[in-house]
Amino acid sequence: MMTDAELNEIETRASLATAGPWKSNYKRHDVYGPNDKHVCHFFEESYIDAEFIAAAREDVPRLVAEVRRLKEEAGGLQHNLELMLIDNEQLIRMLDAISDYAEGADNA
């Protein structure tokens, strides 16, 4: 599982990078941010990688946010499960007590 520290590191790297969105320019072999700010250069044969790099500027923050949301949701589900288990244990104890009482009444 990814730790909060790892998510923070990824988020920090993303926040320090040139603002997005980024676009790759196949003819010029470069990736650019807003206002044609140069982000990186790529070789012709790595155009697919440049597309990935350009998309990552928007994808990474969205993925980090989604991981955080899912971790929070999982934490809530874990808490609900724990409450259900406690309720289950209490219910079992109550049923045992009722059963013991019914057996005592039958024997009386």
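Please treat every number below as a calculation from the coordinates, not as lab data. Just so we're clear, the structure is a prediction, and the values are computed from it rather than from any experiment. Positions of Cβ are backbone-derived with ideal geometry, glycine not excepted, and every protein chain shown enters the neighbour counts.
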- For helix 47-107, report the angle its Cα long axis makes with the longest principal axis of the Cα atoms of the chain; keep it between 0 and 90° and round to the nearest 10°. 0
- In Å, descending, principal axis extents of the Cα set of the chain: 95, 25, 18
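Please give the net charge around H29, taking every other residue with its beta carbon less than 12 angstrom from that of H29, where Lys and Arg add +1 and Asp and Glu add -1. All intermediate terms of the calculation are to be shown ahead of the outcome.
Working: positive: K27, R28; negative: D30, E44, E45, D49.
Counting the neighbours of H29, the net charge comes to -2.
Quick one: longest stretch of the chain between exposed loop chymotrypsin sites (Phe, Trp or Tyr not before Pro), exposed meaning at most 15 other C-beta atoms within 10 Å and loop per DSSP? Walk me through the intermediate numbers first.
Working: sites that count: Y26, F43.
The longest such stretch corresponds to 44-108.
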- Alpha carbon centre of the stretch 18-33 versus the stretch 48-77: separation in Å? 20
- Query: Normalised by the residues of the chain, what does the relative contact order come to in percent, with Cα pairs under 8 Å and at least six apart?
  - Reply: 20
